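What follows is one structure encoded as structure tokens, with my remarks underneath.
Readers should treat all values here as calculations from the given coordinates under stated rules, not as data from a laboratory. Just so it is clear, the model here is predicted, and its values are computed rather than measured. Positions of Cβ are backbone-derived with ideal geometry, glycine not excepted, and every protein chain shown enters the neighbour counts.
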Amino acid sequence: MFLSISRYRFLLSIVLFVGTAVAQNPPVPVSGYEIFLGRNCVIKGQPATCGATFTGWTGGGTTWASFPGTGLGVWSIQINYTGQPALPGQATVVGGRWNFLFVNGLELRGKVLSGTVIWPDAGSLGCGDVINAAWVEATLTVAGGGTATISGCLHDIPAGTVIPPTVWGFFNF
């Protein structure tokens, strides 16, 4: 089966476009909210939280930016984790899924492989002057091949003081 010239050009432009986006440098700054705290579940015999959901837009990165940020895209990530949000404390990210839709039509998605959320005992861990913000790092797969990371901050503790909880950081494709 042969491709017409126009279909060939279309497919080639998609391949080049996706390759360019995945190799993006510098990382894509993002901001958003935690919109679902998750539900109790069991993962590999351990009590866990499943489906904690965060969503947002491009913009911010080192600080939180209000909607629509740069207006270049929107993202969502659902995570599963073990451990409890606490000051001081740590949770281990053990799975989930994510997607990122850019206004130019490019969509990236994949699975959440692993990660860590650390709440400091005092002050902040790389989250500027925001007190009690957690530092988040996770490794992601990219559908079609490759990996990505996300790193940034989650301001959700003490419980009930930040409603809805805010997130900001970077997707690193």
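Please give the contour-minus-distance gain from Ile163 to Asn104: 0.36 nm per residue of separation, less the Cα-Cα distance, rounded to one decimal in nm.
Extra length from Ile163 to Asn104 when fully extended: 18.1 nm.
Please give the FRET efficiency for Ile43 paired with Thr116, using the beta carbon to beta carbon distance and R0 = 22 Å, rounded to the nearest 0.05.
0.90
Can you give me the relative contact order of the stretch 58-114 as a percent, contacts being Cα pairs under 8 Å and 6 or more apart?
Rounded, it is 28 percent for the stretch 58-114.
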